[in-house]
Amino acid sequence: MKERGGPVYFFGAEASSVSGTLPGRSIALFLDFDGTLVPIQKDPGRCALSGETKSQLQSLAGSDRHFVAVLSGRALSDIKSRIGIQNICYGGNHGLVISGKGMRFVHQEASRAMRAIDRAAQKLNKEITGFPGAWVEQKKYSVSLHYRLADKKAIPELKKIFHEVSAGFLRSKVLAVMKGKKVLELMPASWDKGLAVLWILNRLEGGYLPMFIGDDVTDEAAFRELKKRGITIRVGKSKSTLANFYLKDRQEVYRLLESIRVQPNSLKKE
Ligand SMILES: [Mg+2]
């Protein structure tokens, strides 16, 4: 499906052999949140799902043809409250915790790593006082250093602090570093969104076609796992992505979800 030189534009003619086969398929939709369903905000606390997107997700989740999961780097309680829909599956902390649609999972290393996460958060908090705009988000099973609002000149120093604090945890292989857009994160090693997607897919019955849509480097793990068995879509053009396809922006994510939503309901799973 993928061409050399980067992903194929999903709404372009080159993708029609794949996009044209979607009507009639039951799709297991895996969606990232920030930058995919909502615009990225300087303050992530301000990201809210639009009424339009919420109804669209509700409608997709309410159809008996499709399965919907939202996988985010946010804490589970955070992503759940921002989406606020009952009938979907949620993955928090990049899928370290999964809940919804009869599924319940907490990665065993996540529980074990909680104390290390706590210590790392305390150290980071102490080290970054004096850097306005930088802040530490303790998310129970992972911890993030956000620097989107920090002075540009301070960013190399903030990264250095992060890596110094991380070093001890990396040596003992308890935690690993995850990079995102203007954020560095420490989380239990050996888990990512790709493995979380496989965990969910293994529990789904029926002929679902998996589709993953995401905009960030943390979504690449899911593109890696689904590359040969599903449709992988990066939001925003990126040459280095493992995704088969790309969409130009979030508006096109809405357009794609809408095209899946309005397919005739009479068509059954394969
Ligand atoms: Mg994102």
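Only the coordinates and a few stated rules stand behind these numbers; no lab work does. Everything numeric here is computed off the predicted structure, so don't read it as measured data.
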Open item on the list: Stokes-Einstein diffusion coefficient for the chain at 37 °C in a medium of 0.692 mPa s, Rh from the Kirkwood formula over Cα pairs: what value in µm²/s?
Closed with: 171
- [ ] Could you run the Karplus curve 6.51 cos²θ - 1.76 cosθ + 1.60 with θ = phi - 60° over region 34-45 and give me ³J(HN,Hα) per residue in whole Hz, x for Gly and Pro?
- [x] 5, x, 10, 9, 9, x, 5, 10, 4, 9, x, x
- [ ] Any aspartates and glutamates with Cα under 18 Å of the Lys139 Cα? List them, leaving off those in the same chain fewer than 8 positions away.
- [x] Asp32, Asp34, Asp43, Asp78, Glu109, Asp118, Glu185, Asp192
Open item on the list: List the residue ranges in the chain for DSSP H helices whose C-alpha atoms run 18 angstrom or more along the long axis and whose Kyte-Doolittle average is 0.0 or above.
Closed with: 155-171
TODO: Taking H placed 1.01 Å from N in the peptide plane, check which residues at least 5 places from Gly100 or on another chain put their amide H under 5 Å from its amide H.
DONE: Tyr90
Task: Between region 33-59 and region 98-172, the alpha-carbon center distance in angstrom - done: 23
Open item on the list: Can you list residues from other chains, or at least 5 along the same chain, whose modelled amide H is less than 5 Å from the amide H of Ile231?
Closed with: Met211, Phe212
Open item on the list: Please compute the contact order of region 147-264 in relative form: average sequence separation of alpha-carbon pairs under 8 Å and at least six residues apart, divided by the residue count, as a percent.
Closed with: 15
Task: Distance between region 5-30 and region 191-270 - C-alpha centres, whole angstrom - done: 10
- [ ] Please identify, among Ala154, Ala189, Ala61, the residue showing maximal mean-square fluctuation in a Gaussian network model of the chain using a 10 angstrom Cα cutoff.
- [x] Ala154
- [ ] Could you pull out every residue, at least 5 positions away or on a different chain, whose amide H is within less than 5 Å of the one on Tyr9? Hs are placed 1.01 Å off N in the peptide plane, and Pro or chain starts have none.
- [x] Tyr246
Open item on the list: Can you tell me which of Lys181, Lys139, Lys227 moves the most in a GNM of the chain? Springs connect C-alpha atoms under 10 Å apart.
Closed with: Lys181
TODO: Run down the aspartates and glutamates and flag those whose C-alpha is under 15 Å from the C-alpha of Lys228, throwing out any fewer than 8 positions away in its chain.
DONE: Glu3, Glu220
